1. Identify, from the list Leu247, Leu287, Leu269, the residue that is more than 30 Å from Glu17 (Cβ to Cβ) and in contact with a helix residue (DSSP H, G or I) (Cβ under 6 Å, 6 or more places away or on another chain).
2. Identify all residues within segment 323-355 that are in a helix (DSSP H, G or I) and more than 17 Å from Val288 (Cβ to Cβ); write none if there are none.
3. Has segment 254-261 got any residue that is touching a Gly at 6+ places or on another chain (Cβ under 8 Å), in a loop (DSSP other than H, G, I, E, B) and either within 16 Å of Tyr296 (Cβ to Cβ) or more than 13 Å from ligand 1 (Cβ to nearest atom) (or both)?
4. Return the residues of segment 108-150 that are under 22 Å from Ile60 (Cα atoms) and in contact with a Ser or Thr (Cβ under 8 Å, 6 or more places away or on another chain); say none if nothing qualifies.
5. When segment 283-294 is examined, which residues are found to be crowded, with 19+ Cβ neighbours inside 10 Å and either away from ligand 2 (no atom under 16 Å from the Cβ) or within 15 Å of Leu330 (Cα to Cα) (or both)?
6. Please enumerate the residues belonging to segment 199-227 that are of a type in the set (Ser, Thr, Tyr) and not in a helix (DSSP H, G or I).
7. Here are Met238, Met169, Met199: which of them is within 11 Å of ligand 1 (Cβ to nearest atom), of a type outside the set (S, T, N, Q) and within 28 Å of Lys18 (Cα to Cα)?
8. Of everything in segment 104-120 that's over 30 Å from Tyr194 (Cα atoms) and among the polar types (S, T, N, Q), which residue is surrounded by the fewest Cβ atoms within 10 Å (Cβ to Cβ)?
Amino acid sequence: MIQIPNTTKNIKEFIFEKNSINSFPSILNSISSKKRLSGRVLILIDDFFMGKKLFKGDNITNEYEIIFIDTEKEPTTDGVDKLLVQYLNKYSIPPEIVVGIGGGSVLDSAKACSNLFNNDGKAEDYQGWDLVKNEGIFKIGIPTISGTGAESSRTCVMINPKNGLKLGMNSNYSIFDFLILDPVISLTVDKNQYFYTGMDSFIHCLESLSGSYRNYFGDTYSEKVIDLCEEIFLSNDMMCLENRSKLMLASYLGGCAIASSLVGLVHPLSAGLSVVLGIHHCEANCLVLNQLDEFYPEYSKKFKRMLDRQGIKLRKNLTDNLNENQFKDLYKFSIMHEKPLKNALGENFKEILTYQKAKEIFTKI
Ligand code: NAD
Ligand code: ZN
């Protein structure tokens with residue numbers, strides 16, 4: 001029977017409007033005065049925007065510190081710990097607001113920092129479900145690329161380099177307090193990256209709809225996201241402003257969907273590729289889904305149509321030179337994701353996703 005989730009939480013407030021980034025300073029000022037916050041604001045920004053005028057800093061009345069984030073590699077638990085040390089070495093007391101401006105990597109770093117400033121210990125201590133004890137610092141998210149749903153989800157994904165665990169702080173405290181959703185900002189995104197990241201919302205939702213852990217909330221969001229993605233990625237210009245707005249909506253709804261459901265088979269295999277070969281989340285997802293006709297026949301057909309329509313060529317032969325130990329690592333860092341694998345394949349998932357089966361899939365990538 002389809003169930004209703006017994007707890008869920010959504011974003012408290014957001015603005016979704018063209019050029020709303022220009023209101024960032026006034027939004028910041030109004031939040032500070034409403035909440036009587038007079039402390040410093042920590043702003044994390046994707047380093048793509050270094051030297052570019054994204055908003056008018058001179059209109060911000062709060063004191064603020066900007067840290068540019070290199071997104072070449074995905075966030076790690078150590079990297080998040082270092083951000084805190086870097087900030088606290090300079091100011092000794094935590095900021096009162098944390099802002100993340102960027103894609104999933106920066107948004108997740110901002111969420112993780114916000115939680116850690118109010119919780120002792122290290123980022124790795126909170127990888128899992130509902131481990132964060134205290135509410136984090138007020139957090140504002142400004143996505144600059146759409147698809148991951150990091151802006152609305154209840155997690156912030158990090159790779160733990162010590163044990164290869166790619167997992168977030170799944171917690172209601174990982175939800176942003178305020179979002180500025182401005183589809184104009186994504187104009188500068190590279191075409192392939194736009195496709196890969198956009199597909200993340202399609203993939204989250206197909207995995208959720210194909211799994212056994214279902215509920216009306218998640219399904220309703222997911223079905224809408226699948227429709228929106230098909231409209232966008234089967235159109236002639238996936239990156240026109242209207243489609244960028246639709247994708248921003250799809251990404252937001254996809255994050256809500258996944259907050260009350262679970263991913264499936266694509267994400268665990270994709271995590272293996274990210275941990276072992278350093279392939280970014282969204283490209284890795286596409287590479288995996290492209291080889292999963294057997295598990296997701298209907299959605300993989302749809303995916304291939306969208307790929308063709310947009311003329312996106314996935315990279316090939318990425319696992320050609322791997323040795324047996326590397327294939328074993330790919331399997332190890334995939335099969336450890338029990339929750340989504342149970343959702344996709346049932347309790348006996350290890351009997352279906354055997355080492356041989358996983359190797360067969362990875363070999364084709
Ligand atoms: P990203 O943050 O990794 O950035 C990808 C690339 O796009 C970078 O090169 C970045 O500089 C560039 N970019 C971003 N905005 C741009 C702009 N406006 N113009 C030009 N370039 C721009 O991108 P992503 O794909 O959104 O995020 C992937 C990360 O999100 C992974 O770490 C993944 O694990 C995480 N994730 C999180 C969740 C969640 O719910 N928290 C869900 C899925 C994925
Ligand atoms: Zn994802």
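The values are calculated or read from the model by the stated rules, or taken from the named source; none is laboratory data. Computed from a predicted structure; not experimentally measured. All Cβ positions, glycine included, derive from the backbone under ideal geometry; neighbour counts span all protein chains shown.
1. Residue meeting the stated conditions: Leu269.
2. Glu324, Asn325, Lys328, Glu338, Lys339, Lys342, Lys350, Glu351
3. yes
4. Lys111, Ile137, Phe138, Lys139, Pro143, Thr144
5. Once the filter is applied, which keeps residues that are crowded, with 19+ Cβ neighbours inside 10 Å and either away from ligand 2 (no atom under 16 Å from the Cβ) or within 15 Å of Leu330 (Cα to Cα) (or both), segment 283-294 yields Ala284, Asn285, Leu287, Val288.
6. Ser212, Tyr213
7. On inspection, the qualifying residue turns out to be Met199.
8. Selected residue: Asn118.
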